[in-house]
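Notes for the one structure printed next.
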Amino acid sequence: MEITPTPHNGAKKGEIAKTVLMPGDPLRAKYIAETYLENPVQVTSVRNMLGFTGTYKGKEISVMGGGMGMPSMGIYSYELYNFYDVDQIIRIGSAGSLQDKVELMDVVIAMGACTDSNYAYQYGLPGTFAPIADYELLARAAEAAGKQGTKAVVGNVLSSDIFYNADSGVNDKWRNMGVLAVEMETAALYMNAAAAGKKALCMLTISDLVFGEEKLSAEKRQLGFGKMIEIALEL
């Protein structure tokens, strides 16, 4: 039996494409593979973090779950970049809107990712690192959204370590700084990409309003992000 490159991924070298789409939910990865890819093959199921490789318009592409939070995204994206020779990862996730102009089902393209995490301490930098997207991917995503007719807002997001925050006023502070939305993974992805000299982009569909009552169901989060998925596939 061939040994895989890491204990967290069952794929062998060469079974994962150079481009990987990463939703947080492994069942969304399965849905994307079965719905959009030609001849998808499941290449990993370790810890039920499902991953598939197939083709889209003749080009090989993989889709794999990334889990919840920066520790999970940090492990999977690091291994894809450094052990599986992946060139670019496009996160396609959900987020909570912090701004009135960013509405339910809008797509946010994360130009940068603020964070309350200590993830960057490992690099020993003499200051604060600003995690940012790959500009080429970002520009192409914004252009694709425009051609599709999808409302896409480009700007800063917050990658938080805390979902249930004891500080009830924390979201107001980020809102006042113009941060568009809050999620839990992008900063780690962007830092791993920078450290590896690779490319990364995060696109987020708004699934709830932090300062409102509207929100999507769990089923809608899993299956209802088609416009964002199609933009990602075109990259």
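In segment 206-215, how many residues are open to solvent by less than 40 Å² (accessible area, probe 1.4 Å) and within 16 Å of S159 (Cβ to Cβ)?
2
Starting from segment 69-80, take each residue that is over 13 Å from N9 (Cα atoms) and in contact (Cβ under 8 Å) with a residue 60 or more places away in the chain and list its partners that are open to solvent by 10 Å² or more (accessible area, probe 1.4 Å) and among the aliphatic types (A, V, I, L, M), counting only C-beta distances under 7 angstrom and pairs at least six apart or across chains.
G69/M184; M70/M184
One residue is enough: does segment 180-195 have a residue meeting the conditions surrounded by fewer than 22 Cβ atoms within 10 Å (Cβ to Cβ) and closer than 30 Å to F83 by Cβ?
yes
For segment 114-137, which residues satisfy the criterion of being touching a strand residue (DSSP E or B) at 6+ places or on another chain (Cβ under 6 Å) and open to solvent by less than 50 Å² (accessible area, probe 1.4 Å)?
Answer for segment 114-137, where residues must be touching a strand residue (DSSP E or B) at 6+ places or on another chain (Cβ under 6 Å) and open to solvent by less than 50 Å² (accessible area, probe 1.4 Å): C114, T115, P131, A133, D134, L137.
Does A218 meet the test of being surrounded by 15 or more Cβ atoms within 10 Å (Cβ to Cβ) and among the small types (G, A, S)?
So A218 fails the test.
It is to be established whether one or more residues within segment 72-83 are open to solvent by less than 30 Å² (accessible area, probe 1.4 Å), aliphatic (A, V, I, L, M) and either out of contact with any strand residue (DSSP E or B) (no Cβ under 6 Å at 6 or more places or on another chain) or modelled with pLDDT of 95 or more (or both).
Within segment 72-83 (the criterion being open to solvent by less than 30 Å² (accessible area, probe 1.4 Å), aliphatic (A, V, I, L, M) and either out of contact with any strand residue (DSSP E or B) (no Cβ under 6 Å at 6 or more places or on another chain) or modelled with pLDDT of 95 or more (or both)), the answer is yes, since at least one residue qualifies.
The values are calculated or read from the model by the stated rules, or taken from the named source; none is laboratory data. Predicted model, so just to flag it, every value in this text is computed and none were measured. So basically every Cβ, Gly included, is an ideal-geometry build from the backbone, and we count neighbours across all protein chains shown. Accessible surface areas use protein heavy atoms only, side chains included; no ligands, DNA or RNA. Shrake-Rupley method; radii C 1.70, N 1.55, O 1.52, S 1.80 Å.
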